Amino acid sequence: MSTASFHIGSHEIAPRVILAPMAGVTDKPFRILCKRLGAGLCVSEMTTSDPRFWKTSKSLHRMDHEGEPAPVSVQIAGTVPEVMADAARHNVDHGAQIIDINMGCPAKKVCNAWAGSALMREPDLVARILDAVVNAVDVPVTLKIRTGWAADQRNALAIARIAQDAGVAALAVHGRTRDQQYTGVAEYDTIAEVKAALSIPVFANGDIDSPRKAAQVLAYTGCDAVLIGRAAQGRPWIFREVAHYPAHGETLPEPTLAEVRDVLLEHLEHLHAFYGEPSGVRIARKHLGWYAKDRPENAAFRAVVNRAETAEAQLRLTRDYFDALIAGVQPLGVAA
């Protein structure tokens, strides 16, 4: 990394590693945790632009930014320029300091509504949406896209130029086409082409799962930052590892079992407090699975903690499991 930071509007972002938005994952408890563990910026889950759903429990949680470290970046999705503009204003009124527009989601239910990455097939509509949102708010607007709709329809560069002309402050590019979903491997040539053509910050996304890979992608593409998504699930400390590697030329040691235990317990407590019971307990189960995936007897551990119906039981079982690993004994409830 040639410099330690960059700017999105007036916001200085450091280090140059960003938590990518992921539906059902990058909620406020996870964003706060990743920020504390080294992410320069954390982007919220995708929020709907449809005002009919703003008062639902899901939307209210997604729009809750109280106590969240600045700058608060909120991703919105939709297809109607005026509706997207209203959604941007609504989210700014509720604490958003950066508005991120989703044109990268490959999910069928999103694309079937002509939102997400489906919009890349409609450059004129892209321009109208970006113009409407940029002119609606006084905060920076960023955009997330893919390399194109399909292998023979890679138009990221054309969309990127539209975005820059519209006043978008930064652009993230996932190195896959929509039809790849999350399969195959990400390609970075298109991202490098986009970066070379633009003057605004550009971020690389896709298959970045280690400090070395992050450094390689930054060097190859010339991008201002990398986005990390799935690789942060169960490994929120990856952000400090990515930031440390280019600055010191070495990889940080893996966190100790005691630190993993403490990070996980903190995460669980935040989930329980944020969602309440029983929702917090249920939502925590997927995170427990991700934290345990590289641990001994992880399937047995999941079977034990997934039986917990209360926050107290979930915390106790998790603590007991890691305490046993730390002590070098067979965790309770896990067969020898």
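The values are calculated or read from the model by the stated rules, or taken from the named source; none is laboratory data. Everything numeric here is computed off the predicted structure, so don't read it as measured data. When we count neighbours, we look across all protein chains shown, and the Cβ atoms used for this are built from the backbone with ideal geometry, even at glycine. The accessibility values were calculated without ligands, DNA or RNA, using every heavy atom of the protein model including side chains. Shrake-Rupley method; radii C 1.70, N 1.55, O 1.52, S 1.80 Å.
Between the listed residues Ala284, Ala169, Thr221, the Cα displaced farthest toward the positive end of the dipole of the chain, a dipole computed from Cβ unit charges relative to the Cα centre, is found at Ala284.
Is the range 228-336 best put as rounded, prolate or oblate by its Cα gyration tensor, with a ≥ b ≥ c the root eigenvalues, rounded for a/c under 1.5, and otherwise prolate when a/b is larger than b/c, oblate when not? Verdict is oblate for the range 228-336.
Averaged per residue, the chain has 42 square angstrom of accessible surface, using a 1.4 angstrom probe with ligands and nucleic acids left out. Relative to the dominant Cα principal axis of the chain, helix 238-248 is inclined by about 70°.
Quick check on the range 27-108: take the gyration tensor over C-alpha atoms, sort the square-rooted eigenvalues as a ≥ b ≥ c, and tell me if it's rounded (a/c under 1.5), prolate or oblate. The shape class here is prolate. Rounded, prolate or oblate: which fits the range 203-251 when a ≥ b ≥ c are the square roots of the eigenvalues of the alpha-carbon gyration tensor, with rounded for a/c under 1.5 and prolate only if a/b beats b/c? It is oblate, given that a/c is not under 1.5 and a/b is not larger than b/c.
Of the two radii for the chain, the radius of gyration is 0.98 times the Kirkwood radius, both from the alpha carbons; that is the Rg over Rh value.
With all protein chains in place and a 1.4 Å probe, the accessible surface of the chain carries 51 percent carbon and sulfur.
The three principal axes of the C-alpha atoms in the range 224-279 carry coordinate ranges of 44, 29, 14 Å, sorted with the longest axis first. Against the main long axis of the alpha-carbon atoms of the chain, helix 211-221 sits at an angle near 10°.
Shown is the FRET efficiency for Asp320 and Leu252, computed with R0 = 22 Å from the Cβ-Cβ distance and rounded to the nearest 0.05: 0.20.
Compute the signed sum of charges (Lys and Arg +1, Asp and Glu -1) over the other residues within less than 12 Å, Cβ to Cβ, of Arg89. Intermediate results must be reported in sequence, preceding the final value.
Values: positive: none; negative: Glu82, Asp86, Asp93, Asp138.
Neighbour charge sum, excluding Arg89 itself: -4.
With the whole protein complex present, Leu317 retains an accessible surface near 40 Å², based on a 1.4 Å probe. The residues Ser44, Ser57, sorted by heavy-atom accessible surface at 1.4 Å with ligands and nucleic acids left out, run Ser57, Ser44 from largest to smallest. What does the net charge come to around Val281 if you take all other residues with beta carbon closer than 13 Å to its beta carbon, with K and R at +1 and D and E at -1? Result for the neighbourhood of Val281: +1.
For the range 1-75, the direction-averaged projected area of the alpha-carbon convex hull comes to 5.5 nm². Dividing the mean sequence gap of close Cα pairs (under 8 Å, 6+ apart) by how many residues the chain holds gives a relative contact order of 13 percent.
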